[in-house]
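A.B. asks: Please find one structure pasted underneath; my questions will follow.
Values in this text are rule-based calculations from the coordinates and carry no lab data. Values in this document were obtained by computation on a predicted structure and should not be read as measured data. Cβ atoms come from the backbone with ideal geometry, glycine included; neighbour counts cover every protein chain shown.
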Amino acid sequence: MLYHTSATCVVFEPNPRSLFHLTTSLRMAAVVMPSILHRVFVFPMAAGNVSAAALLSETPGNAGGAHIGTFSERRRRAGNRTHQILQQPIDKVIQLTSQSETSSLRRMTPIRLMKVDVEGFECNVLDGMRQLLHQRAVAAIKSEVSRDVLLRQGCSEEGLLLRLASRSFSIKLDLGCVDCMGRPQARCSKAKSMSRNKQRMYHRKGQYDVQALLTESGERQWRNPASLVKAILRRAVNKTAHLEDVRSQGMGENADK
């Protein structure tokens with residue numbers, strides 16, 4: 001995206017190890033395209049709902065699987081690598097940087113696309129950007145969802161989706177070949193086995209991607225966003241449950257042979 005567009009990119013990265021690799025890669029990319037140095041802004045902190053210090057723990061062998069919060073404290077006692085970091089609400093960061101004389105930073109809003117992958121901390125991130133969402137300054141959000149990890153962070157998939165639905169976002173769950181309303185998506189024949197595995201992961205563990213697009217009207221699409229979220233999740237469960245039945249039948253047939 002940085003090579004093919006003139007977009008400005010803002011990154012929050014609290015993990016010191018990942019931060020090193022990120023900034024090193026950006027410096028190397030800037031050798032080919034110097035403008036990148038003026039279009040990418042990296043904040044060495046976590047996006048959250050409060051301004052406070054926090055504990056971040058790494059998953060062994062997976063630096064991208066780091067966690068924040070009380071779950072990290074349990075991991076620290078178990079001997080995992082931990083880091084003391086700072087978390088800030090995105091609203092506060094935007095407010096402070098908008099006062100900067102750097103013209104590029106002033107263009108941080110409106111935000112055309114936001115990618116959120118924070119290992120269960122998604123609800124905290126959204127709670128820390130209520131002003132941005134109220135101002136309809138974010139056009140699209142793509143987030144990873146993991147039911148178990150959200151629960152460990154004191155939230156839930158219903159809570160996450162409700163935060164989006166109540167801010168006039170239309171919601172789509174990426175479950176392989178099934179969209180948020182249970183309708184088959186086009187081109188499902190490609191990578192069909194991968195799609196089925198993705199649907200099984202949803203049915204078993206509640207792991208999937210959610211895409212949220214801001215509606216053109218400022219009014220909510222549904223009078224009751226909670227009912228919308230429940231309907232979306234119910235359809236997703238119904239459309240993926242049969243995969244477990246197929247898998248169980250297959251295992252039974254193999255056992256008989």
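A.B. asks: Restricting to region 2-17, name every residue that is under 20 Å from I90 (Cα atoms) and either assigned to a helix (DSSP H, G or I) or without any contact (Cβ under 8 Å) to a residue 12 or more places away in the chain (or both). Spell out the reasoning first.
C.D. replies: Step one: of region 2-17, the residues under 20 Å from I90 (Cα atoms) are 7-16.
P16, the sole residue that qualifies.
A.B. asks: State which residue pairs qualify: first residue farther than 17 Å from E119 by Cβ and inside region 148-164, second residue not in a helix (DSSP H, G or I) in any location, beta carbons under 8 Å apart, and separation of 6 or more residues or different chains.
C.D. replies: That search, which allows pairs on different chains as well, returns L161/I171; L161/V210; L164/I141; L164/I171; L164/V210; L164/A212.
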